1. Among ASP320, ASP370, which is modelled with pLDDT of 85 or more, in a strand (DSSP E or B) and open to solvent by less than 20 Å² (accessible area, probe 1.4 Å)?
2. Residue check, CYS432 against (1) surrounded by fewer than 19 Cβ atoms within 10 Å (Cβ to Cβ); (2) under 19 Å from ASN520 (Cα atoms), all met but one. Which one?
3. Quick check on my filter: what residues within region 344-361 are open to solvent by 50 Å² or more (accessible area, probe 1.4 Å) and not small (Gly, Ala, Ser)?
4. Which of the following residues is in a loop (DSSP other than H, G, I, E, B) and at pLDDT 85 or above: GLY383, GLY394?
5. Residue by residue through region 43-53, note down the ones that are over 20 Å from ASN77 (Cβ atoms) and in a helix (DSSP H, G or I).
6. What are the pairs with Cβ atoms under 9 angstrom where one residue, in region 418-439, is at positive phi and the other, located anywhere, is in a strand (DSSP E or B)? Sequence gap at least six, or different chains.
7. Can you name every residue in region 468-488 that is within 18 Å of ALA140 (Cβ to Cβ) and open to solvent by 10 Å² or more (accessible area, probe 1.4 Å)?
8. Please tell me if ALA165 is more than 17 Å from the chain's Cα centre (by Cα), open to solvent by less than 10 Å² (accessible area, probe 1.4 Å) and modelled with pLDDT of 90 or more.
Amino acid sequence: MFALLSVVLFGVGALAVDLGSMYQRKAETQSQADLAALSAAPALASSSTLSVARANAVLKVARYLNANLKVGQTQLNDSTLAARLTDGNSGNGEVTFPSTYSMRVTTPAARVDFALAGALGKSGADVSASATVGVGTPGANAVMPFYAVTGNGCDYGAQSLTDPANGKTQSVVPPLANPSTNVGQTSNATLTSVTPYVFTEGVSGTITTIEGSHLSSVTKIGFYRSPSETPNVFEEAITSNTNNNTISTVPLPTAVTNYPGVWWIRTYTSTGNKGWSPLSESLPIRIGDGPIQCGSLSNSGNFGTLKLARSSPPSTWAPDNMAVGLQSPLSLSVQTNPASMPTCTPGGLSVVYTATTGAATRYANTNCVDTDTGLTSQVTTQGLVTGTGSGYPGRLVRPTSTSMPGRQCGVNHSNSQRSMLGYSLNDDTLSCFMTSPTTALSTIASAAYSGGAVLDPAIYDSPRFCYVPVLGIDPSNGGSLHYSVVDVRPCFITSEASTSTYSSQKYVDGANVSTTTATNGLTVQNNKVTTLQVYFFNKNALPATGNASPGQILSPNGPLVPVLTD
């Protein structure tokens with residue numbers, strides 16, 4: 001009986017001892033695979049050349065495996081092991097790349113020598129494990145569907161993105177088309193205001209008053225746009241004006257109102273100091289829904305909307321993307337091939353383009369985009385406050401500020417919300433997330449900043465945090481070009497000034513404005529957001545921790561987080 005049962009007893013012993021050893025070794029190699037993949041993941045974005053980045057990643061895997069060898073694995077030098085990891089033989093370990101920014105690591109086999117099972121003719125078994133890892137930019141889904149342009153003064157620091165037709169805030173007149181007659185003659189007329197300044201598209205209207213000085217003997221009103229826009233000139237004769245300070249009841253024909261955007265007014269004086277009023281005295285009017293754009297510049301292309309496709313109707317793309325982020329699998333990335341900058345051609349080398357017509361397929365790491373001129377008040381209001389046509393709530397609709405240990409992040413260090421258009425909005429401030437309460441925002445608001453992360457990871461949880469893609473040139477109006485994303489700029493929706501710190505908050509709303517009356521980024525007129533204030537800062541200030549989706553990399557030289565996916 002004993003002789004007969006000994007085979008069974010040895011079998012049970014083999015299960016208990018040798019199978020246990022296999023499970024133990026499997027756990028060890030699984031931990032080895034996980035940590036090797038995580039340690040090497042940042043190398044996936046270590047070079048703009050894909051082959052170099054992958055070679056760097058493989059070498060890092062080899063170094064980790066050799067430094068953390070498990071019992072039953074063979075010691076090799078780093079370069080030899082790296083070669084084995086890419087020879088196509090998974091038995092000696094392998095590294096593969098399921099996508100550009102993901103990597104699968106299979107460990108070299110670890111030999112487990114059997115004890116009791118040897119009596120049954122089984123000497124041992126090979127054990128290995130695999131892990132898949134990706135890298136991503138923390139907070140990458142916070143991409144706003146508008147763009148900045150590098151080098152034009154609107155891509156760092158505090159920026160006021162405002163309706164350019166409001167004469168009260170307009171300071172710079174863009175290049176305009178010349179008058180069709182008497183080009184070289186200039187009168188001494190000055191123009192100070194126009195009422196109203198907003199008109200419905202496609203409907204003839206009336207300008208109630210144009211105010212200024214030296215307006216007597218004005219016999220013509222000119223409407224002008226930039227030379228690149230069509231049409232760009234319309235001049236209308238009026239009854240000779242006799243009031244020196246006011247012109248009343250000027251008809252606005254559909255020849256102007258049929259073309260939405262910003263038109264500029266000049267007057268023509270027919271006698272005395274005759275000629276057109278100086279270009280610097282031009283006043284803007286807006287036809288249709290107004291664009292929100294960089295306040296330090298005024299041509300209609302300097303701040304605009306990215307056309308980023310969703311499965312919903314195109315009319316809802318911009319507000320939906322603003323409210324909830326880009327729709328997967330679409331994500332943005334930076335173009336690294338100089339030959340495809342600043343414009344790009346779909347299908348070109350290294351170009352990833354998501355079409356904006358038809359049933360578009362959305363692609364991860366899209367780096368070639370279409371644009372619309374201007375960011376409209378309606379889109380901004382829906383995306384941030386009132387909600388979109390697709391049913392998404394406004395991005396900022398939250399009852400409290402973002403949680404920070406020991407800090408209240410709302411304006412004036414409160415946890416209260418901001419009431420706007422009947423909605424309760426999050427009221428976070430950027431300075432709250434500075435790790436030092438005495439560091440000014442100006443420290444991080446330049447391309448030269450290289451001081452490392454000075455912002456708390458909690459910033460990624462704030463709905464006011466965002467990324468704005470940067471284009472290399474100002475897109476032309478009405479053009480059919482595509483533009484490469486040449487950089488990505490972190491931003492924060494706030495009216496804080498560059499001198500602001502957490503200990504001493506300052507705002508650009510006015511020299512002596514109190515923290516309780518600061519707009520904190522949004523100004524509303526006529527039930528629409530007409531001014532959006534943001535603060536652009538250097539990505540080096542962001543921490544390399546936080547939630548991230550693997551493969552969603554906005555910029556390879558920005559903060560990256562490794563994410564173990566399998």
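The values are calculated or read from the model by the stated rules, or taken from the named source; none is laboratory data. A quick note: this is a predicted structure, and the numbers were derived from the prediction, not measured. So basically every Cβ, Gly included, is an ideal-geometry build from the backbone, and we count neighbours across all protein chains shown. Heads up: the accessible areas ignore ligands, DNA and RNA and are worked out on the full protein's heavy atoms, side chains in. Shrake-Rupley method; radii C 1.70, N 1.55, O 1.52, S 1.80 Å.
1. ASP370
2. (1)
3. THR345, PRO346, LEU349, THR357, THR361
4. That would be GLY394, the only listed residue that is in a loop (DSSP other than H, G, I, E, B) and at pLDDT 85 or above.
5. LEU44, ALA45, LEU50, SER51, VAL52, ALA53
6. What qualifies is LEU421/VAL524; LEU421/LYS528; LEU421/VAL529.
7. Across region 468-488, the qualifying residues are VAL486, ASP487.
8. no
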